[in-house]
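Participant: Once you've had a glance at the structure underneath, I'll fire off some questions.
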Amino acid sequence: MMTLRVVPELYCFNINVSTSFFVDVLGFEVKYERPDEEFAYLTLDGVDLMLEGIAGKSRKWLSGDLEFPLGRGVNFQWDVIDIEPLYQRVNESAADSIYLALESKSYQCGDSIATQKQFIVQTPDGYLFRFCQDIH
């Protein structure tokens, strides 16, 4: 059976600023880069994503104009095991990126209610990442 994975590729205004945010603030590692194309493949705990500079020398698949904030209409949910240290690290190193402060929120899921801690960061390019931890 084939396993499907989603690896988003996010365009960014400045590849160095964006890569630094994902590495220094969120803790990603650079798996590989193509500097001439302004491209970086990042990974953390089984989550992969690609960053590509708008000005890079590569093909672009664009469905509209790229203006801030990028990623309008989407947020990427990321389930984590221990949200508190991550929130503390983001708050200490890039507090202005916090779009939604850490909270506990309950959601109706079929016949049950799920409660989770969550917070949202906005990347330098405007993408929203929602970090969640289930509360049992």
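Participant: For residues that are modelled with pLDDT under 95 and more than 18 Å from Val23 (Cα to Cα), tally how many sit in the range 105-131.
Facilitator: 12
Participant: When Gly56 is evaluated against the numbered criteria (1) of a type outside the set (Lys, Arg); (2) within 17 Å of Cys132 (Cβ to Cβ); (3) in a loop (DSSP other than H, G, I, E, B), which criterion, by number, is the only one it fails?
Facilitator: Every listed condition holds for Gly56 apart from (2).
Participant: Another question about this same structure. For Leu128, only one of the following conditions fails: (1) within 26 Å of Leu4 (Cα to Cα); (2) in contact with a Pro (Cβ under 6 Å, 6 or more places away or on another chain). What is its number?
Facilitator: Single failed check for Leu128: (2).
Participant: Which members of the range 83-104 meet the condition of being in contact with a strand residue (DSSP E or B) (Cβ under 7 Å, 6 or more places away or on another chain) and within 30 Å of Val17 (Cα to Cα)?
Facilitator: Within the range 83-104, Ile83, Leu86, Tyr87, Val90, Asn91, Ser97, Ile98, Tyr99, Leu100, Ala101, Leu102, Glu103 meet the criteria.
Participant: All but one of (1) in a helix (DSSP H, G or I); (2) surrounded by 13 or more Cβ atoms within 10 Å (Cβ to Cβ) hold for Tyr99; which doesn't?
Facilitator: (1)
Participant: Also: Search the range 1-17 for residues being part of a loop (DSSP other than H, G, I, E, B) and loosely packed, with under 13 Cβ neighbours inside 10 Å, and hand back the single one that is nearest to the chain's Cα centre (by Cα).
Facilitator: So the residue we want is Val7.
Participant: Looking at the range 18-50 only, could you name the residues that are of a type outside the set (S, T, N, Q), assigned to a helix (DSSP H, G or I), surrounded by 18 or more Cβ atoms within 10 Å (Cβ to Cβ) and in contact with a Ser or Thr (Cβ under 7 Å, 6 or more places away or on another chain)?
Facilitator: Phe21, Val25 - these are the residues of the range 18-50 that are of a type outside the set (S, T, N, Q), assigned to a helix (DSSP H, G or I), surrounded by 18 or more Cβ atoms within 10 Å (Cβ to Cβ) and in contact with a Ser or Thr (Cβ under 7 Å, 6 or more places away or on another chain).
Participant: Within the range 102-136, restricting attention to residues that are among the polar types (S, T, N, Q) and farther than 30 Å from Tyr11 by Cβ, which residue is least open to solvent (accessible area, probe 1.4 Å)?
Facilitator: The residue in question is Thr115.
Participant: Still on this structure, please answer the following. Would it be correct to say that Gly27 is closer than 20 Å to Phe119 by Cα and among the small types (Gly, Ala, Ser)?
Facilitator: yes
Participant: Among the residues of the range 51-74 satisfying the criterion of being among the aliphatic types (A, V, I, L, M) and at pLDDT below 95, which is surrounded by the most Cβ atoms within 10 Å (Cβ to Cβ)?
Facilitator: Among those that are among the aliphatic types (A, V, I, L, M) and at pLDDT below 95, it is Leu70.
Participant: Mind checking which pairs have a first residue in the range 63-84 that is in a strand (DSSP E or B) and a second that is of a type in the set (Val, Ile, Thr), Cβ under 8 Å, 6 or more apart or different chains?
Facilitator: Pairs found: Asn75/Ile120; Trp78/Val47.
Participant: Go over the candidates Ser58, Ser20 one by one and state the one that is of a type in the set (S, T, N, Q) and in contact with a Phe, Trp or Tyr (Cβ under 7 Å, 6 or more places away or on another chain).
Facilitator: Ser58
Participant: Continuing with this model, one more query. Check the range 58-67 and report whether any residue there is among the aliphatic types (A, V, I, L, M) and within 13 Å of the chain's Cα centre (by Cα).
Facilitator: No, the conditions are met nowhere in the range 58-67.
The values are calculated or read from the model by the stated rules, or taken from the named source; none is laboratory data. These numbers come from a predicted model, not from an experiment. We place every Cβ from the backbone using ideal geometry, glycine too, and count neighbours over all the protein chains shown. These area figures cover heavy atoms from the full protein model, side chains too; ligands, DNA and RNA do not enter into them. Shrake-Rupley method; radii C 1.70, N 1.55, O 1.52, S 1.80 Å.
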